[in-house]
Structures are given as C-alpha cells and as structure tokens.
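Here's the structure we're looking at; comments come further down.
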Amino acid sequence: MSWDYVLELITNILVTQTGIPNLLFKQVIMMLVAFFFLYLAVAKRYEPLLLVPIGFGIFLVNFPLAPLMGYSEHGYPELLRAFYKYGVEWEIIPPMIFLGLGAMTDFGPLIANPKTLIVGAGAQLGVFITYIGTLFFGFTLKEAASVAIIGGADGPTTIYLTAKLAPQLLGANALAAYSYMAMVPLIQPPIMRLMTTRVQRRIKMVQLRPVSAREKLLFPLVAAILIILLIPAVAPLMGMFMFGNFMRECGVVKRLSDTAQQSLMNIITILLGLSVGATMKAEVFLSWKPLLIFGFGLLDFIVCTFGGILTVHIMNLFVKEKINPLIGSAGVSAVPMAARVSNSEGLKADPTNFLLMHAMGPNLAGVIGSAAAAGMFIAMFQ
Amino acid sequence: MKTNRLRFLLKIIWVWLICVFLMMAQTACLVWATFGEDQEKPQPEFTRKEKTITAKLLPRAKSTSVLIDFEVSGGELINVQGMDFEKADRPDVDHKDFKSALFVIEIGSLTPGAEVKISVISDFFIRSTQFWIFNQKLETPWMDSNAQNLDRPDRVQELVINVKDGGPFDSDMNENGRIILMGGPKDSFWGYALGTLFIRYFGIFIVLSILMLGMIFSGKIFQRMEDKKTKATSKPASLTVQVEKAEKPEVADNGITAEMATAVAAALHLHFSGLRASHPMSVSPLRPTAWAQQGRAQIIGERLMMYHRNKR
C-alpha cells in the first residue's frame with residue numbers, strides 16, 4: 001500500500017463522505033438566515049413555538065450531503081422529507097393544528113356579538129389587494145393566492161393553502177406569516193391611530209351578554225353546517241376546527257380535549273415547524289421571490305388592518321350602539337395578539353376602556369374569515 | 001428641530017428606496033417571466049377514440065385536470081399535438097391568456113382549397129372563450145379565429161372554427177389538401193383574475209353574513225329560553241303564596257319583636273362591614289377608583305390567560 005493510495009483514499013473520503021468540501025456559500029447564507037430566525041424566537045420571543053423548529057429546520061437542511069430531505073436508494077423518504085411528505089403534502093398537519101386551535105378557543109365573545117363577523121370579513125381586504133399586487137409582479141395565480149393569504153394572519157391556513165397551490169413557496173410564506181404575526185404589536189398601532197380619532201378610540205362598548213353552555217355547544221355544529229355547505233373546499237380546516245371546539249364545549253371528552261390542546265398540538269407543532277424549515281434549501285430560497293413575499297406580506301397585514309377598521313367605520317354609520325373602531329384591527333386573525341393590541345390602544349386613549357373581550361369577537365371572526373378566503377381560493381382552482 | 005428634519009429626510013429616503021426596490025423587482029420579475037421555470041406549463045396527453053382526439057391536461061391556474069375533445073367535419077383529423085408557447089411568443093400576446101396550452105391540429109384527406117369545421121369541445125371553456133390562431137408566415141401572426149361558441153348540455157362549450165385549406169389559418173398556406181392549424185383557446189387572464197377577486201371577496205362577506213344571521217337568530221332563541229327559565233325559577237306569585245302561608249312571626253319571650261331583631265341584625269352587619277373595608281368603594285360610573293381599575297385589570301388578565309399563545 002503506497003502513500004499515494006492512502007492519500008487518494010483520504011481525498012475520496014473527504015470529498016464524498018464529509019460535508020466540508022461540499023459546503024457552498026449560499027448554504028452558509030441560509031444558515032445565517034436560520035440563526036436570524038432563531039435569534040428572533042429566542043431573544044425577542046417572536047412566535048418561539050413555531051420559529052424555533054422552523055429556524056432549526058432551515059439550519060439542518062442546508063448541511064451538504066445530509067440525508068434529511070431527499071429519498072433513499074429504495075425510494076423511502078428521509079427523515080425531514082417524511083415529515084413533509086406525510087404531514088404537509090398529504091395535508092394532515094394544518095387541519096390537525098386547527099383541531100387543537102378549536103379545542104383551545106372560547107367562542108363566547110363572538111357568539112355574544114355576532115355582528116363582529118362582518119369585521120372579520122372586512123379584514124380580508126388585504127388578502128385580495130395583495131393577490132392583485134403579486135400578479136403584477138409575475139407571480140402565477142396560484143402563487144398569488146398563496147402569498148395573499150399571509151395577510152389573513154393565520155399560520156396553519158397559510159401553510160395549508162400554500163402546500164396545496166404553490167408548495168415551492170411554502171418556506172417563505174410560512175416564515176412571513178409567522179414573523180408578521182409576531183410583529184402585530186409593532187405593525188398595527190400606527191395604522192390604528194392613523195385611522196381613528198381620539199374620540200372614536202374612547203368609545204365604550206356595551207358589556208357582552210352572557211352566553212350559555214348550551215349555546216356554545218351548538219355553535220360549532222351550526223357554524224360547520226353553514227360554512228361547509230357554502231364553501232365545501234374549506235371542510236378539512238373548518239371541520240377539524242369545529243370538531244375541536246365541540247370536544248371542548250361538550251365537556252364529556254375532557255381527556256381528548258386536553259390532548260388536542262396540549263400533547264397533540266405540541267407534537268404537531270414540532271413536525272410542522274421542522275417540515276416548513278426543511279423546504280428552505282439554499283437553491284430554492286435564495287431568489288427574488290422570498291424578498292417580494294416578505295414585502296407583500298407586510299403590505300398585506302397593513303391593508304388587512306386598514307380593512308378591518310374601515311369596516312367598523314362603515315358599520316358605525318348603521319348601528320345604534322357604536323363600535324370602537326380599534327377592535328377592527330383584530331379582524332386579522334393573529335389570535336390573541338391582535339385583540340391585545342386593540343385593548344392596549346383602547347387603554348391608552350382611556351384607561352377605563354377595556355376592549356379585550358370585544359376585540360376577541362372580530363379576532364375569532366378573522367380565523368373563520370381567513371379560512372373562508374382560503375376555501376374561496378381553493379375552490380377557484382378546482 | 002434638526003433631528004425632526006433629519007427624521008423626515010430619512011423617511012423620504014426610505015420611501016424612495018422601497019419604491020426603487022419594487023420597481024427593480026418588477027422589472028426583474030417581468031424580464032424573467034415567472035421566475036425562470038414556468039411552473040404551470042400545461043402538458044397535454046392525447047388519446048384517440050374513433051374520430052375524436054382527446055387532450056387531458058392540467059391547465060394554468062387549476063388543480064384538477066380537464067379534457068378537451070377535437071373533432072373535424074369535412075375532413076379527417078390526422079393528429080393533434082401540444083405546442084410550446086415559446087415558439088409563438090410575441091410581445092402583443094400573453095401566455096397566461098392561454099390557460100389550456102397551444103395545439104397543432106393536422107387535418108388531411110381534403111380536396112385542395114376545401115373548407116373544414118374544427119370543433120374544440122370542453123366543459124373548461126366558458127361563453128367568452130375564444131380560439132386564437134398563430135401563423136408565423138403572416139405579418140400579424142396572432143389572430144382571432146372568430147370561432148362560434150356554442151352551448152352544449154352539462155355546461156359544455158363547443159368552439160367551432162372554419163378553416164380553409166391554403167387560407168390564413170392554415171400554417172402552410174398552400175392548397176395541398178392538408179391543413180395545419182396552430183393555436184389555442186384564449187381567455188382574458190386579467191378579466192378572470194379581477195372578476196374572481198371581486199366575486200370571492202364579496203363571497204366571504206356573504207358567507208359570514210349568513211353565519212351572522214344564523215347566530216343572531218339562534219342567539220335570540222337561546223336568550224328567550226334563558227329568560228323563560230329564569231322566570232320559572234323566580235315566580236313572584238308563588239312567593240307571595242309562600243309568604244302568606246308562612247307562619248306569623250312570633251314575639252320573642254323577652255319582648256323583642258321580629259322587626260326589632262331584623263333592625264339590630266342589619267345594624268350589626270353594617271357596623272362590621274364598615275370595619276372590614278379600609279376605603280369606601282366609589283360607585284361613580286365615570287371615574288372608577290384605582291382599586292376598581294386594578295380589580296378590572298386582574299379580571300381581564302385572568303381571561304387573557306385563556307388566549308395566551310405561549311400556553312398552547
């Protein structure tokens with residue numbers, strides 16, 4: 001055995017079996033992107049439950065030669081590919097997240113004040129404006145729809161729609177959606193102040209009526225019947241959402257409800273975050289599109305906030321008991337962040353004006369509204 | 001003063017930078033079409049059944065495949081193939097308008113100079129769908145075939161195109177008993193995009209309005225039921241009867257009447273309640289005290305916990 005042979009063997013091993021000589025500059029950039037999102041999640045506490053697994057997914061998938069997002073020689077998906085294939089591609093994880101969200105949601109404020117559903121619809125304005133805007137920038141119709149739904153401020157809905165219509169944009173869309181959801185307290189207040197006068201911000205709303213347990217129990221059934229009959233395409237999301245809520249309200253399956261709210265939700269969140277992060281390989285992510293998606297996502301949030309507040313202003317022309325326009329901004333779903341922002345802005349205008357429970361109505365309506373918008377888009381492409 | 005000016009200038013610079021970025025991005029996107037690879041390019045597969053050739057394809061902006069039938073009367077349909085848009089790309093046409101691909105239709109067994117009718121049939125077409133033809137030998141290569149758009153049962157539309165051997169629609173432009181027609185069904189992309197946008201945005205209002213009406217209606221029923229239940233549990237008439245039936249208060253042995261005992265009890269209660277409260281509570285609805293505000297904040301905080309994202 002000569003030295004040349006040994007050296008060739010070492011070179012072969014280094015080139016084919018270690019990652020260092022195969023590491024590309026763009027992969028290093030993607031790792032820096034991953035670190036940035038991990039920093040936002042850990043240091044700034046921006047949606048840590050989602051951004052930590054997503055950031056780590058980006059970090060892992062950009063290692064050269066790592067058997068994570070490909071297929072084995074026998075055609076079996078590798079670890080993260082399996083999470084993605086069976087969880088996201090098969091459209092299982094987003095509806096399961098909706099199941100957990102349903103189990104966690106108290107629809108009381110919405111049932112007590114159903115008029116706020118209209119605010120939830122009005123706040124979808126940005127979704128449709130962005131849809132047109134992205135088309136001008138050369139996005140296809142399906143891509144435009146998947147980018148537009150970011151403004152609905154609902155992570156699982158964004159992931160569900162993007163996986164269905166434009167899977168190549170999944171990573172960028174999910175990141176934009178969750179990042180902006182976390183930044184709602186920064187994005188919304190200036191728009192809220194711009195669109196309201198001090199007098200309007202001080203409007204005190206009538207206390208919500210108490211909602212009986214029986215009413216809460218029937219709500220998921222009635223809502224599921226009406227929504228799924230009108231938009232069948234939204235059945236996987238709304239069906240699971242209402243099922244989760246029914247488990248919560250019926251009170252006889254506490255174990256199932258608790259599991260849906262906690263263990264199941266946590267497991268799914270890990271799988272979803274890693275899967276989404278794993279789609280962001282350097283060769284896919286480093287282009288104009290993600291930058292544009294982030295730009296349009298911001299515009300989307302701004303217009304959605306504007307749409308919600310504008311809807312309240314229009315409603316105030318017709319209703320006897322005036323609605324505080326600050327709760328309009330909660331029409332972007334981002335539960336409960338957007339409602340909290342409405343409450344804090346209300347308190348700034350008048351320290352005795354508590355808007356939280358009033359804002360929860362449009363906030364929950366926003367969840368239904370964004371799911372309805374997603375259903376509309378899915379139906380459009382069927 | 002200087003700081004304010006500086007801030008103002010910075011804001012203007014930021015706005016300009018964003019505008020320049022967007023303009024550059026748009027130019028880059030449009031030059032690069034749909035970011036390089038055309039993700040939605042239809043790739044038709046053809047099958048033949050007697051005189052009909054059927055194309056199965058996934059059109060642009062659709063998630064489900066559609067079928068398009070080709071038939072010919074007055075000649076023999078020899079072949080139909082798919083065609084790349086790049087070959088027919090001209091500045092005055094947009095490939096997005098051709099949602100269901102371009103086709104090359106070959107017809108034979110004709111007497112030279114004869115005219116045939118080509119039928120293109122699908123439930124994917126709508127009443128405004130046109131059939132545009134490409135002939136690179138002409139000065140204006142793209143033209144409307146002025147196809148008749150006929151209604152068929154089950155929401156199927158039929159586009160009928162009259163083509164003359166050697167005419168402008170025939171790509172070889174020779175009267176040779178053979179027609180080669182290049183073209184495809186055309187719908188307005190922007191018309192579709194804006195139309196569907198309008199319909200679907202208001203669709204959300206309609207859906208949520210119906211849900212709202214349903215909730216208001218069911219809410220009224222529940223409120224009425226609750227009211228009835230409350231009335232049933234606190235009927236004043238029955239109470240009167242009970243009071244009437246109740247035995248008359250007895251006079252205590254030591255000479256204190258029931259009224260006096262009640263007055264003494266009330267006085268004692270007020271005395272001890274007063275001792276317990278450090279500050280008398282303000283009941284003014286306009287300016288609640290710090291004590292009341294703190295209580296409210298605590299209640300709101302407890303409610304908020306339910307919706308706390310990190311607790312999920």
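Mind checking which residues of the range B:95-137 are buried (at least 21 other Cβ atoms within 10 Å of the Cβ) and at positive phi?
Listed by number, the list holds a single entry, B:ALA101.
Can you tell me which residue within the range B:199-224, out of those that are of a type in the set (A, V, I, L, M) and at the interface with chain A (Cβ under 7 Å from one of its Cβ atoms), is surrounded by the fewest Cβ atoms within 10 Å (Cβ to Cβ)?
B:ILE216
Quick check on this structure: which one of A:LEU272, A:LEU264 is surrounded by 21 or more Cβ atoms within 10 Å (Cβ to Cβ) and either at negative phi or touching a residue at least 24 places away in the same chain (Cβ under 8 Å) (or both)?
A:LEU272
Residue under question is A:ALA34, and the condition is that it be of a type in the set (Gly, Ala, Ser) and closer than 20 Å to A:SER275 by Cα; does it hold?
The answer is yes for A:ALA34.
Name the one entry in A:ALA224, A:ALA166, A:ALA233 that is within 11 Å of chain B (Cβ to nearest Cβ), surrounded by fewer than 21 Cβ atoms within 10 Å (Cβ to Cβ) and more than 29 Å from A:ILE314 (Cα to Cα).
On inspection, the qualifying residue turns out to be A:ALA233.
Restricting to the range A:114-162, name every residue that is facing chain B (nearest Cβ under 7 Å) and touching a Cys at 6+ places or on another chain (Cβ under 8 Å).
Across the range A:114-162, the qualifying residues are A:GLN124, A:PHE137, A:GLY138.
Any idea which of B:THR196, B:THR233 is at pLDDT below 85 and more than 7 Å from chain A (Cβ to nearest Cβ)?
From the options B:THR196, B:THR233, the qualifying one is B:THR233.
For the list (1) exposed (fewer than 10 other Cβ atoms within 10 Å of the Cβ); (2) modelled with pLDDT of 80 or more; (3) more than 46 Å from the chain's Cα centre (by Cα); (4) not charged (D, E, K, R), I need the number of the one condition that B:ALA265 fails.
Every listed condition holds for B:ALA265 apart from (1).
I'm trying to understand the selection: among the residues of the range B:138-158, which are loosely packed, with under 13 Cβ neighbours inside 10 Å and either among the polar types (S, T, N, Q) or under 30 Å from B:MET173 (Cα atoms) (or both)?
Once the filter is applied, which keeps residues that are loosely packed, with under 13 Cβ neighbours inside 10 Å and either among the polar types (S, T, N, Q) or under 30 Å from B:MET173 (Cα atoms) (or both), the range B:138-158 yields B:GLU139, B:THR140, B:ASP144, B:ASN146.
Is it fair to say A:LEU355 is buried (at least 22 other Cβ atoms within 10 Å of the Cβ), within 11 Å of another protein chain (Cβ to nearest Cβ), over 17 Å from the mean Cα position of the chain (by Cα) and not β-branched (Val, Ile, Thr)?
Criteria met by A:LEU355.
The values are calculated or read from the model by the stated rules, or taken from the named source; none is laboratory data. Note that this is a predicted model, so its numbers are computed, not measured. Neighbour counts run over all protein chains shown; Cβ positions are idealised from the backbone, glycine included.
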